[in-house]
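The values are calculated or read from the model by the stated rules, or taken from the named source; none is laboratory data. In this text, all values refer to a predicted model and were calculated from it rather than measured experimentally. Heads up, the Cβs are rebuilt from the backbone with ideal geometry, glycines too, and the neighbour counts pull from every protein chain shown.
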């Protein structure tokens, strides 16, 4: 397991070196995306916002932002949301948007993992739930589709400085940290049940 400080936009070499379990900090230009933007572009046929054309690091997040005088914005809270929610669009987003990294909680599904392997993209997850810890590491440069999608679903242009730490949970070789952990958990559970003399037909007690 290694620690990397990466500068966005990322190169293919940047992501090819990453392996599951590695720790990543990100500096540079990123953009945000949630379900409404996926639908807006991939289902409804609207053009991808300029931020997505210029940036290859996408963060699944709906930041809490307060408008300020003279067109400025103040970031109040920032915490990536669960990426598996967007599996329907994941593979197309990686392919059509030229992504090198997706930041979000949990993991993504088989179709997105396969596209990440083909296109050399990775998924990284925050090590903790810390909605206010990163505010000082993030500067909001601009926003697109604010009126159309609203503050949570809009596409925010951000510049980040050593944002992290994030753990690589899907690398571009097709490995998945969560699946590995799930296998280990299931193996330990089976051993524990066997030691207790509990058969494979065991089921949890229903409370209702």
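Looking only at segment 42-55, which residues are out of contact with any helix residue (DSSP H, G or I) (no Cβ under 8 Å at 6 or more places or on another chain) and either over 16 Å from residue 92 (Cα atoms) or surrounded by 15 or more Cβ atoms within 10 Å (Cβ to Cβ) (or both)?
Those that are out of contact with any helix residue (DSSP H, G or I) (no Cβ under 8 Å at 6 or more places or on another chain) and either over 16 Å from residue 92 (Cα atoms) or surrounded by 15 or more Cβ atoms within 10 Å (Cβ to Cβ) (or both): 50, 51, 54, 55.
On the basis of being surrounded by 16 or more Cβ atoms within 10 Å (Cβ to Cβ) and modelled with pLDDT under 95, does residue 25 make the cut?
Answer is no for this residue.
Every residue in segment 88-112 that is more than 12 Å from residue 42 (Cβ to Cβ) and either out of contact with any helix residue (DSSP H, G or I) (no Cβ under 6 Å at 6 or more places or on another chain) or crowded, with 23+ Cβ neighbours inside 10 Å (or both), please.
Kept after step one, since they are more than 12 Å from residue 42 (Cβ to Cβ), are these residues of segment 88-112: 98-112.
Scanning segment 88-112 gives 98, 99, 100, 101, 102, 103, 104, 105, 108, 110, 112.
Restricting to segment 113-130, name every residue that is surrounded by fewer than 24 Cβ atoms within 10 Å (Cβ to Cβ), touching a helix residue (DSSP H, G or I) at 6+ places or on another chain (Cβ under 7 Å) and not in a helix (DSSP H, G or I).
120
If you scan segment 146-176, which residues turn out to be closer than 16 Å to residue 111 by Cα and surrounded by 15 or more Cβ atoms within 10 Å (Cβ to Cβ)?
The answer is 169, 170, 171, 172, 175, 176.
Starting from segment 181-208, keep only residues that are farther than 30 Å from residue 167 by Cβ, then list their pairs with residues that are at pLDDT 65 or above whose Cβ atoms are within a distance under 9 Å, requiring at least 6 positions of separation or different chains.
Close Cβ pairs satisfying both conditions: 198/192; 199/193; 200/190; 200/193; 202/193.
Quick check, is residue 80 outside any helix (DSSP H, G or I), without any contact (Cβ under 8 Å) to a residue 12 or more places away in the chain and either in contact with a strand residue (DSSP E or B) (Cβ under 9 Å, 6 or more places away or on another chain) or surrounded by fewer than 19 Cβ atoms within 10 Å (Cβ to Cβ) (or both)?
Values: outside any helix (DSSP H, G or I): yes; without any contact (Cβ under 8 Å) to a residue 12 or more places away in the chain: no; either in contact with a strand residue (DSSP E or B) (Cβ under 9 Å, 6 or more places away or on another chain) or surrounded by fewer than 19 Cβ atoms within 10 Å (Cβ to Cβ) (or both): yes.
Judged against the criteria, residue 80 is not a match.
Name the pairs whose Cβ atoms lie under 6 Å apart, with the first residue in segment 102-113 and touching a residue at least 24 places away in the same chain (Cβ under 8 Å) and on the phi < 0 side of the Ramachandran plot, the second in a strand (DSSP E or B) and surrounded by 15 or more Cβ atoms within 10 Å (Cβ to Cβ), and 6 or more positions between them or separate chains?
Qualifying pairs under 6 Å: 102/58; 102/123; 103/59; 103/124; 105/125; 107/169; 108/123; 113/170.
Hey, could you check segment 131-145 for residues that are touching a residue at least 12 places away in the same chain (Cβ under 8 Å) and not in a strand (DSSP E or B) and say which is surrounded by the fewest Cβ atoms within 10 Å (Cβ to Cβ)? Reasoning before the result, please.
Step one: of segment 131-145, the residues touching a residue at least 12 places away in the same chain (Cβ under 8 Å) are 131-132, 134-135, 137-145.
From what's left, not in a strand (DSSP E or B): 131-132, 134-135, 137, 145.
Values: 131: 15, 132: 12, 134: 20, 135: 15, 137: 18, 145: 18.
Going through the qualifying residues, I end up with 132.
Which of (1) within 16 Å of residue 156 (Cβ to Cβ); (2) crowded, with 22+ Cβ neighbours inside 10 Å does residue 18 not meet, given it meets every other one?
Every listed condition holds for residue 18 apart from (1).
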